[in-house]
Structure formats: structure tokens, C-alpha cells
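Rule-based calculations on the coordinates, nothing more; no lab input. The shown structure was predicted, so the numbers you read here are calculated from the model rather than taken from an experiment. Counting neighbours? That spans all protein chains shown, and the Cβs are built from the backbone with ideal geometry, glycine included.
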Amino acid sequence: MTDREPPRTGPRPTRGPGRRTAVIVVLTLALVCGVIAAGYLWSFGARAERIRAAHLHRVTATTTGPAQEPSALARSGAGNRAVAPAVWEYPDAVRRSGTVDVPARTAQGRTVTVSVDDSGAAVRRADSSSDVLLTSVAGGTATAGAVAATGAGVLALLRGRGDGRTLAALEREWEQVEPVWSGRLRRENGPDSGTGTDDA
């Protein structure tokens, strides 16, 4: 051990496994929260769909015009479906009219089965299962991202506070070893530092 390498004492910064473990914990927590949120949204959506289905009624309608292909945006995911004007009755003896979903190339005067609500208004066909799944996945992903971002912020805050404590400890350590390292202590306590005595 030389004068230029004095023994170091006091706390030293900790790195490595501790931080990696904290990151793993945050990511795991984010994943669990995302799965729970997705499951809750799926359950809520499925229950809402069951309630909606309980108020739908299947009736026979007659088209009053030929089928028309929907726009490219509207028909995305609609398969070979189209729309056509039609008339139907619901409740009994109450005549209704509107635009309904029909198979592609359906001619005027054809009968089709459509869904109407309690008031008799036509309800557009929708792939409710896909909608519920999409909503669940999107909600779960958003929840996981929010938890991960919050956890990252907390870790950064704790790391900043830990680094501040480490710097303070290093400054106290330097105050103790600097006189030895720089030689100032030896100069102050050397043979010329005392009052000395005169030779007789």
C-alpha cells in the first residue's frame, strides 16, 4: 500500500444485480396488471354483449332495392356483406324501413333476416367477439405500459436519491483520506512544524 493508494472506508455504490432485479420486478408487475386489466375488460365486454343480445330480435325483411357495396373503410372486416334498403314489421303490424346488412349481390324483393332492437330499429351486424377482444388487448397493453412507466419513474427517483447519498459518503471519505493522500498531514506534523529548542 503506497501513500497514493490509501485504504478506502465507508459505503461504496452498489450496482448490478440489485438494479436488474428491480427492473425484472417492475416488468413482471406491469405484465400481471396488464393481464388482469385485459381479463376484466373481456369479462365486462362479454357481459355487456349478453345484455345487448337479450334486447335484439330477429325478423324477416324484404329488400326494396339492390344490394350496394359499402365503402372500402366501412367494409373492412365485413367479409362478403353489403347493404340494401328494406322494409319489415316490428312489433307486429308496425311497418319499419331502413338500411340493413345483406349478402353481396342481393337483388330487390328478396327476403333477408335482420336484427332489430326493442323499438324495432335495425341494428347493424357487428363482430362483437372481435370488438371485445380488441378492446381487452388494447386496455391490457395500455395498463401494462402505464405501470411500467410509473415503475421506471420510481426506480429513477430512488436511483437519484441513492446516488446522492453515495456522493455524500464519498465526500466524507475524501475528507478523511485527503490529508494522507496529498501529504498535507505529514507536512503539518513534520520536524519543522513544531516550535523546537535552541542548541546551547
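Mind checking the full-extension length gain between Thr141 and Ser129? Use 0.36 nm per residue of separation minus the Cα-Cα distance, one decimal, nm. Each step should come with its number before you reach the end.
Numbers: separation 12, 0.36 × 12 = 4.32 nm, distance 1.82 nm.
Between Thr141 and Ser129, full extension yields 2.5 nm more.
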> How many nm separate the modelled label positions at Ile24 and Ala104, each set 7 Å beyond the Cα in the direction of the Cβ?
Replying inline: 5.3 nm
